[in-house]
Amino acid sequence: MLLLNPLRGILSARPQVLGLTRFSSSFVSRMRFLNRLKQEDEACAAALQDGQLVLFHRLQPLLQRGPTGTFRPVTLTCSGVQSLLQNFGSDGPLLEDSILIGCSEQNQAQFCLDVGHLDQAAVAEFCAGTFIDLRKSFFLLPGPAAQLVAKAQALLRWHQTNGFCSATGQPTHRNRAGSQRVCSSSSIIYYPKMSPVVIVLLSDGSRCLLGRQASFPRGMYSALAGFCDMGETLEETLHREVAEEVGLEVQDVSYSSSQHWPFPHSSFMLGCHATVSPAHTQLDVDRSELEDARWFTPEEISSALQAGVPPRGGRPPDVWLPPKHAVAHHLISEWSDRQRHLQASE
């Protein structure tokens, strides 16, 4: 049975009525502001003049190390980007390629722009930052910042690869916000899309199952995941992927949370917990899919959670996990918390 409980965290917080009202009012205001910018080109162009821009170079975000050693995306004003472009002899109309990605709590529009035609090192020095591969960025940025650059890169990539209509072969043209593209011949409208992926943490009651692909960094294990096939439900995908990858038959399934994930090309991760019978836990790993998969005890998981991200340049722990803001990490932490509570109640 699939248990949908996305409001669990909100309801358990039990906020005061006044605080909830203020939060909702602010949220509604931002969402309506963003929706207007997507629908009205002139309003979006005006918002860009007072907005913030996050720079990319060939899909790598520009980051800056803070005084405490933490990283953050470099944000520039519209005039700041214009100065940068002028400094490198680029034309001002490049700003029209910027894409709307969000809105700050102060109702300041946020955009992204790829300056891949400029010299990477020179731009990084000019902005006092560093262009870093997005996968590495996920281990350096806090959750909200990682989500922002992930959304930005996904939209930039989508526009770069959808310049022509799949039905007519004619060029497509974007609106000012970059929230859609329209075929110049047929007027077919295209919207950015995500590919649904089920990611599941299996448990036999006392252990959880993690696997790793050969492409993972050494020592990193994660929950099992797989793309939904056409026509499949979430549950069907989960049952099939587990059977294919590790040769197990799933019993109960419960939904946990979801997340946009920019790898490989903008996935929509649907996080679930699932159980298998303690009497049928023998693994039959498909080595074409996974390099390894094994059961982990609560003690091993607790140790891996405490180890965190391996230090750069140092020897990584024997087992380590995806970054904290990844849905896989969330699933593993949930399972570990439940096991700890169960042990405490015995």
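None of the figures in this text is laboratory data; all of them are computed from the coordinates on show. From a predicted model like this one, the values you see are computed outputs, not experimental measurements. We place every Cβ from the backbone using ideal geometry, glycine too, and count neighbours over all the protein chains shown.
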As a check on your grasp of the helix formula, calculate [θ] at 222 nm for the chain: sum -39500 (n - 2.57) over DSSP H runs of n ≥ 4, divide by the residue count, round to the nearest 500. -11000 deg cm²/dmol
The range 125-131 - phi-based ³J(HN,Hα) in whole Hz, Karplus 6.51/-1.76/1.60, Gly and Pro as x: 5, 4, 9, 6, x, 9, 7
Only four residue types carry charge here, +1 at the Cβ of Lys and Arg and -1 at the Cβ of Asp and Glu. Report the dipole size of the range 209-346 about the Cα centre in Debye, rounded to the nearest 20. 800
Return the FRET efficiency for the residue pair Met194, Glu334: r is the Cβ-Cβ distance, R0 is 22 Å, and the value is rounded to the nearest 0.05. 0.45
Quick one: dipole size for the chain, taken about the Cα centre, charges +1 on Lys/Arg Cβ and -1 on Asp/Glu Cβ, in debye to the nearest 20. 1040
Output needed: Cys residues of the chain lacking any neighbouring Cys C-beta below 4.7 Å, sorted by number. Cys44, Cys78, Cys103, Cys112, Cys127, Cys208, Cys228, Cys272
Classified through the alpha carbon gyration tensor (a ≥ b ≥ c as square roots of its eigenvalues; rounded if a/c is under 1.5, else prolate when a/b is larger than b/c, else oblate), the range 195-344 comes out rounded
Just tell me which lysines come within less than 26 Å, Cα to Cα, of Lys324; anything on the same chain fewer than 8 places away is out. Lys136, Lys151, Lys193
For the range 117-268, what mean projected area does the convex hull of the alpha carbons give, in nm²? 13.1
So, over other residues within a Cβ distance under 11 Å of Val253, counting Lys, Arg +1 and Asp, Glu -1, the net charge is -3
Expected unfolding gain across Asp252-Gln39 under the 0.36 nm per residue rule, minus the alpha-carbon gap, is 72.4 nm
Can you tell which of Phe227, Gln82, Asn175 lies farthest toward the positive end of the dipole of the chain, using +1 and -1 charges on the Cβ of basic and acidic side chains (Lys, Arg; Asp, Glu)? Gln82
Rounded to the nearest 0.05, FRET efficiency between Ser83 and Gln343 (Cβ-Cβ, R0 56 Å) equals 0.45
So, with points 7 Å from each Cα along the Cβ direction, the Arg287-Ala307 label distance in nm works out to 2.4
Summing +1 for each Lys or Arg and -1 for each Asp or Glu, what net charge is found among the other residues whose Cβ lies under 15 Å from the Cβ of Glu125? 0
Spin-label pair Trp295/Glu232, simplified geometry with 7 Å Cα→Cβ offset, distance in nm: 2.5
The chain - share of DSSP beta bridges that are antiparallel (%, nearest 5): 75
Compute the distance from the alpha-carbon center of the range 163-238 to that of the range 285-307, in whole Å. 24
Contour excess over end-to-end distance, with Cα ends at Met31 and Ala46 and 0.36 nm allotted per residue: 3.7 nm
Its Cα gyration tensor gives the chain an equivalent ellipsoid whose semi-axes in whole Å, largest first, are 39, 23, 22
